[in-house]
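Written out below as structure tokens is the structure these notes cover.
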Amino acid sequence: MPEERDIERLGRELLKLREEPRVLDEWGETVEIPPPVEPEVHPRVPHTEEEGARADEGDESIEGLLSRFGDEQAEEEAPEGDAFEALGFEPLEEEVEGEMPQAELPEELPEGLFDLEEEAASAGEDLGVLEELPEPGGEGPEEAVPPLEGPEGVSPEDAGVTSAVEGVGSEEPAGEGTEEFVLPDFHDLEEESGEAVPGPDEDLGLSLDFTEEEGEAAPAPPEEEIPSVPSPEDLALEEEALLAEEFPEDIEVEEFSLRDLGEEFGVVEEEPGLIAEEESLNPAMAITPEAVEELPETGFGLTEQEFRRLQEHLFSLPRNLKMEIESLVAEAKVGGEDLERLVRMLVEGESPRALAAFVGRLTGKRIRIPARYERGTGAEFEKAKGGLWYLVRYRLLPVVRAVLVGTLILAGLTAAVFQFIYRPVRAHLLYTEGYRQIFQEEYDASLLRFEQGLRLWRMKGWFFRYARAYTEMRQYPLAEEKYEQLLAHYPLDKEATLEYADFESRVLANYEKADQPLERYLRLENLKDLDVLLARGDNFLRWADEGGAEDFDRFEEARKMYARAMEYHGSRAPIVQRMLMYFVHQEEKALELGRTDVDNLSHVEQLVEYILERPKLAVDAGELARAGGYLIDRNRIDRVRDVLFRAREIQDPHPEVHYQLARYFRIVERPADEAKALQAARLLLEELPMRTRRQTAQLVDTYRRQGDLFYAQGELLSAEDAYREAIRLYEQALSSRLLKRSARFGSIYASLADIYYYHSAEEETALTLYETAESHGYVTPENAYKKGRLLYRKGLYDRALTEFAKSEEAFRNNRVVLFALANALYFKASYTAAEGYYRRLLDMLEREKAALPAVRVDENPDHRALVEGIIRVENNLGVTLFKRSGGREGHPAYPEALTFLTDAQELFVNLYRDPETMERAGAVNLAYLNMDAILHPTVPFDQLPLAIYRSLPVDVKARGLSGP
């Protein structure tokens with residue numbers, strides 16, 4: 001058996017061979033090995049002769065072990081009970097007779113039971129005593145420790161138990177129902193002959209398993225026994241348990257840890273003054289050939305070369321396997337054939353796996369081998385460490401792998417940042433730039449920016465913004481394109497469907513195209529969606545309202561949609577409002593088309609009363625005001641005021657409300673209120689970001705009504721400005737297809753023409769405006785006469801006759817129109833036709849004169865106008881008859897011509913005679929001049945200076961026939 005100095009020398013050699021100093025130096029630590037001291041040998045009383053023989057042979061005894069870990073209670077001078085007092089136990093008062101009761105140990109030891117204190121009196125600086133041990137029968141830090149059961153008749157004082165409690169363990173449970181509690185125990189030592197050396201339990205005389213086997217008490221120990229202390233093996237086992245907890249099974253530590261160095265080789269737990277030899281750190285180095293020769297015969301021997309191979313192979317093994325082999329060899333835990341086989345395996349360089357399997361079978365432990373040791377021996381591994389493959393695999397490849405992983409992570413992060421941060425941000429900037437260019441009227445550039453942003457990142461909100469901006473800037477084709485792109489990407493999006501359909505219906509009046517997304521949504525997404533049902537009904541309503549006679553049936557489609565909505569969702573306020581809209585729009589359209597088979601007045605009045613009776617019913621103010629306008633058209637003025645004021649309560653200001661109020665105030669002849677309502681309606685309509693067809697039409701009509709109001713008040717310049725602004729908006733709406741040509745807006749041209757016709761000499765401008773009004777469908781008999789008169793004054797008698805004829809169709813027996821026709825025919829040399837109109841007109845005037853009880857030309861302007869008219873007609877008729885006679889006195893028309901001229905002359909003289917003196921006026925009329933030319937001709941017939949009253953009245957409703 002090697003002596004302690006051999007083991008210490010072996011430990012130091014192992015420390016030199018390993019890379020522990022270099023590793024610790026890299027960690028900034030150093031190896032501290034206490035100087036060697038001669039261990040104190042404590043006396044021990046051998047139990048048997050064999051034990052004495054082993055002591056003589058120099059085997060390491062229990063005293064030797066105690067000399068390494070402390071000498072607390074081994075001296076004979078120690079009084080009885082000192083061992084227990086050192087641990088905190090009080091000595092027993094009397095000896096225990098009979099069997100000691102079996103101890104009931106707790107499942108877990110009290111916390112701090114195995115803590116070491118630096119100030120223990122009997123331990124060195126590196127070995128502590130138990131911190132707080134409970135007294136027998138008392139309570140420890142956490143739970144009570146039951147009294148220990150000893151041999152029959154032996155007290156704990158006699159047993160000599162000391163501070164070695166932490167090294168004592170029980171192998172079997174103390175009793176039934178108690179879990180097994182195993183304390184660290186000394187390993188059994190075997191002699192070379194194979195016989196077991198008495199264990200520490202027998203030496204101390206204390207049963208460590210706290211149970212009796214087969215009912216027999218353990219033999220009594222001698223009076224003086226050496227206390228049990230933890231051995232280096234126990235400390236190594238404890239360290240292995242800690243390492244197993246600290247490191248997972250798949251992690252193997254190749255080198256020694258500096259912090260575990262002392263525990264592994266027993267340096268930390270030594271007594272003060274006990275210095276480990278260098279050989280004790282590596283027992284393999286302490287086994288010299290000389291020491292081997294001194295060993296007892298074991299049946300095999302090693303040469304110096306074999307012993308060197310053994311050392312080298314032992315050095316190359318994993319740490320945990322190396323420690324187990326050192327423990328087996330140094331502490332003689334194996335012998336006989338097992339020892340010989342172990343040594344041979346080391347000499348022959350068996351693989352770590354085979355050695356681990358064999359040593360594990362000897363120790364009963366499972367020894368794990370690191371993966372790098374599995375494919376070869378430790379020597380091969382050490383040799384491979386210096387090779388190129390090891391450097392590439394374990395030095396270069398980890399670096400390359402880390403670089404590759406880092407590169408991949410960086411590339412992934414870069415791709416993620418580019419994809420989910422850069423692209424959306426860049427696309428947003430492009431969208432924003434293009435959106436700004438729309439209001440700068442850079443439409444091509446804005447489209448380019450939008451496409452660039454769309455390629456980077458698609459954002460639904462920008463489709464809406466661009467479409468609305470283009471609509472606001474009246475770029476309707478571009479807005480339509482954006483809505484179509486939006487639906488291409490989001491075909492069943494409800495918001496996109498509703499807004500696109502409303503745009504197509506309200507702005508572009510493309511009702512068939514507007515119906516397609518609504519129908520698709522109801523068919524594929526939600527058949528009962530209230531918003532979509534109402535939107536589709538509204539589209540059909542506009543379709544019928546804005547279309548022609550062929551689209552009138554769309555009103556029925558709208559009614560079906562509203563009825564379906566009422567079926568699914570009940571009589572909600574929006575549905576009641578739609579039904580009111582349906583009845584109002586349908587009849588308005590029917591009146592426009594000239595149909596008389598539609599009369600919804602009763603339904604409208606019923607719904608209006610329903611709404612007025614429910615003040616909390618939420619309806620649209622604009623539609624309610626439109627219903628008020630319908631009542632104005634139907635001349636139901638009594639409820640109009642209530643309806644319009646209720647609409648104003650719902651929403652004020654509202655352009656529709658103020659527009660209909662202006663109409664109402666004109667009917668009730670409140671021009672001041674009308675002017676205020678028109679001004680409010682105009683401002684509200686102009687502020688709208690996007691106007692519908694109806695709102696655009698209302699704005700144009702508002703300007704027209706303002707012009708009419710200014711004209712009636714004599715403010716001609718303001719009236720002219722209002723008419724011109726109305727014409728500009730109307731023509732702009734025509735170019736953008738918001739409005740169609742209609743007589744309603746053609747009247748604006750006629751109104752502006754009236755300013756030039758009546759108050760200016762710009763007859764050409766007036767004629768052009770009248771013709772424009774007529775081209776837009778605005779044709780009236782008054783305007784026809786005005787237009788004919790302007791053409792007549794220009795000498796365009798054929799066109800004038802056409803216009804006069806249009807007017808004469810409406811104004812039958814109108815003196816002005818008949819006089820205009822006769823004159824136009826005269827200048828066309830159609831004397832016979834002219835004669836007819838003159839005679840017809842003269843008969844009318846004569847009958848009217850005859851109907852008067854008294855003709856008072858000086859008192860009554862109408863009487864004067866009547867007489868002046870007769871004079872004009874008789875003069876023109878006499879000249880016409882003379883022209884028709886050709887100047888021949890024998891012609892029947894010749895004497896008749898002279899008669900009419902004479903009558904005209906007499907009427908003229910009487911009309912302009914001085915009423916006081918009854919003297920004739922000095923002036924002469926055309927009748928007198930014409931008679932003189934006929935009776936006293938100085939030139940040929942065709943050159944006679946005959947004349948008629950050619951001027952025509954300005955207005956068809958004039959009192960007389962005189963004109964400017």
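The values are calculated or read from the model by the stated rules, or taken from the named source; none is laboratory data. Source: prediction; values computed, not measured. Cβ: placed from backbone, ideal geometry, glycine included. Neighbour counts: every protein chain shown. When the accessible area is computed, the model is the full protein with side chains, heavy atoms only, and any ligands, DNA or RNA have been set aside. Shrake-Rupley method; radii C 1.70, N 1.55, O 1.52, S 1.80 Å.
Here's the yes/no breakdown for (1) open to solvent by 70 Å² or more (accessible area, probe 1.4 Å); (2) not basic (Lys, Arg):
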position: Pro653; (1), (2): yes, yes
position: Ile667; (1), (2): yes, yes
position: Pro671; (1), (2): no, yes
position: Ala681; (1), (2): no, yes
position: Gln695; (1), (2): no, yes
position: Ala712; (1), (2): yes, yes
position: Ile727; (1), (2): no, yes
position: Lys740; (1), (2): yes, no
position: Gly746; (1), (2): no, yes
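All conditions in (1) of a type outside the set (A, V, I, L, M); (2) under 26 Å from Leu821 (Cβ atoms); (3) out of contact with any helix residue (DSSP H, G or I) (no Cβ under 8 Å at 6 or more places or on another chain) hold for His936, with the sole exception of (2). Quick one: in region 628-651, of everything that is open to solvent by 80 Å² or more (accessible area, probe 1.4 Å) and charged (D, E, K, R), which residue is nearest to His603 (Cα to Cα)? In this case the residue turns out to be Arg636.
Is it fair to say Ala590 is in a helix (DSSP H, G or I) and open to solvent by less than 30 Å² (accessible area, probe 1.4 Å)? Criteria met by Ala590. With the condition kept exactly as written, say whether any residue in region 505-521 is in a helix (DSSP H, G or I), in contact with a Pro (Cβ under 8 Å, 6 or more places away or on another chain) and open to solvent by 30 Å² or more (accessible area, probe 1.4 Å). Yes, region 505-521 contains a residue that is in a helix (DSSP H, G or I), in contact with a Pro (Cβ under 8 Å, 6 or more places away or on another chain) and open to solvent by 30 Å² or more (accessible area, probe 1.4 Å).
Inside region 924-940, can you point out the residues that are open to solvent by less than 70 Å² (accessible area, probe 1.4 Å) and either among the charged types (D, E, K, R) or outside any loop (DSSP other than H, G, I, E, B) (or both)? Talk me through it step by step, then tell me what you get.
First, the residues of region 924-940 that are open to solvent by less than 70 Å² (accessible area, probe 1.4 Å): 925-927, 930-931, 933-934, 939.
Passing the criteria: Leu926, Ala927, Asn930, Met931, Ala933, Ile934.
Among the residues of region 891-900, is there at least one that is under 20 Å from Asp843 (Cβ atoms), out of contact with any strand residue (DSSP E or B) (no Cβ under 7 Å at 6 or more places or on another chain) and part of a loop (DSSP other than H, G, I, E, B)? Scanning region 891-900, I find at least one residue that is under 20 Å from Asp843 (Cβ atoms), out of contact with any strand residue (DSSP E or B) (no Cβ under 7 Å at 6 or more places or on another chain) and part of a loop (DSSP other than H, G, I, E, B), so the answer is yes.
Only one of Gln732, Gln660, Gln706, Gln698 is over 21 Å from Asp633 (Cα atoms) and assigned to a helix (DSSP H, G or I). Can you tell me which?
Gln732 is the lone residue from the list that is over 21 Å from Asp633 (Cα atoms) and assigned to a helix (DSSP H, G or I).
Taken over region 594-625, the criterion of being open to solvent by 20 Å² or more (accessible area, probe 1.4 Å), assigned to a helix (DSSP H, G or I) and closer than 23 Å to Ala677 by Cβ is satisfied by Leu612, Glu623. Just to be sure before I move on: is Tyr470 touching a Pro at 6+ places or on another chain (Cβ under 9 Å) and open to solvent by less than 70 Å² (accessible area, probe 1.4 Å) in the structure I sent? In short, yes. A single entry from Leu302, Leu295, Leu328 fulfils the requirement of being of a type outside the set (Lys, Arg), modelled with pLDDT under 85 and within 21 Å of Arg353 (Cα to Cα): Leu328.
Only one entry of Gly886, Gly890 meets the criterion of being open to solvent by 60 Å² or more (accessible area, probe 1.4 Å) and either modelled with pLDDT under 85 or of a type outside the set (D, E, K, R) (or both), and that entry is Gly890. Pairs meeting the criteria (first residue in region 455-466 and touching a residue at least 40 places away in the same chain (Cβ under 8 Å), second residue among the β-branched types (Val, Ile, Thr) and open to solvent by 40 Å² or more (accessible area, probe 1.4 Å), beta carbons under 8 Å, at least 6 apart or on different chains) are lacking.
Would you check if Phe439 is aromatic (Phe, Trp, Tyr), closer than 30 Å to Leu734 by Cβ and open to solvent by less than 10 Å² (accessible area, probe 1.4 Å)? Lay out the reasoning, then the answer.
Working: aromatic (Phe, Trp, Tyr): yes; closer than 30 Å to Leu734 by Cβ: yes; open to solvent by less than 10 Å² (accessible area, probe 1.4 Å): no.
Against the criterion (aromatic (Phe, Trp, Tyr), closer than 30 Å to Leu734 by Cβ and open to solvent by less than 10 Å² (accessible area, probe 1.4 Å)), Phe439 does not qualify.
Among residues that are of a type in the set (Phe, Trp, Tyr), within 44 Å of the chain's Cα centre (by Cα) and open to solvent by less than 50 Å² (accessible area, probe 1.4 Å), Tyr659 is included.
Restricting attention to region 501-550 and to residues that are aromatic (Phe, Trp, Tyr) and under 29 Å from the mean Cα position of the chain (by Cα), the residue that is nearest to Gln475 (Cα to Cα) turns out to be Phe503.
Per the listing Arg856, Arg872, Arg913, the residue uniquely among the basic types (Lys, Arg) and either surrounded by 21 or more Cβ atoms within 10 Å (Cβ to Cβ) or in a helix (DSSP H, G or I) (or both) is Arg872.
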